[in-house]
Amino acid sequence: MLLDSMQDELRDVFILAELEQMSVPEIAQASGTNLNTVYSRLRTARKDFKSRLARQGARWGGKHDRP
């Protein structure tokens, strides 16, 4: 899975923002993490996820689902 090898703090923020639809201030409050740190982690996590998705798509011949 694309998220499995992502760093824990990046994966946690990514899941809360993208899947749980929490706002950055909500994530910061819930995790006890500085607001700017959450913004930075989310930006990095999104970039990392897109990169992993692109590499995975290339492995599958440009398709986003398995053959």
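Pull out all pairs, ordered by first then second residue, where Cβ-Cβ is under 8 Å, the residues are six or more apart or on different chains, the first lies in the stretch 43-57 and is closer than 19 Å to LEU16 by Cα, and the second is among the basic types (Lys, Arg) and at pLDDT 95 or above.
From residues that are closer than 19 Å to LEU16 by Cα, the pairs are ALA45/ARG11.
Got a number for residues in the stretch 11-37 being under 23 Å from MET1 (Cβ atoms), in a helix (DSSP H, G or I) and either in contact with an Asp or Glu (Cβ under 6 Å, 6 or more places away or on another chain) or not basic (Lys, Arg) (or both)?
10
Keeping to the stretch 41-63, report how many residues are at pLDDT below 95, closer than 17 Å to ARG11 by Cβ and aliphatic (A, V, I, L, M).
Number satisfying all stated conditions: 1.
Filter the stretch 1-34 down to the residues that are buried (at least 17 other Cβ atoms within 10 Å of the Cβ) and touching a Lys or Arg at 6+ places or on another chain (Cβ under 6 Å), then identify the one that is farthest from GLN56 (Cα to Cα).
That would be VAL13.
The values are calculated or read from the model by the stated rules, or taken from the named source; none is laboratory data. The shown structure was predicted, so the numbers you read here are calculated from the model rather than taken from an experiment. In this analysis, Cβ positions are derived from the backbone assuming ideal geometry, glycine residues included, and neighbour counts consider all displayed protein chains.
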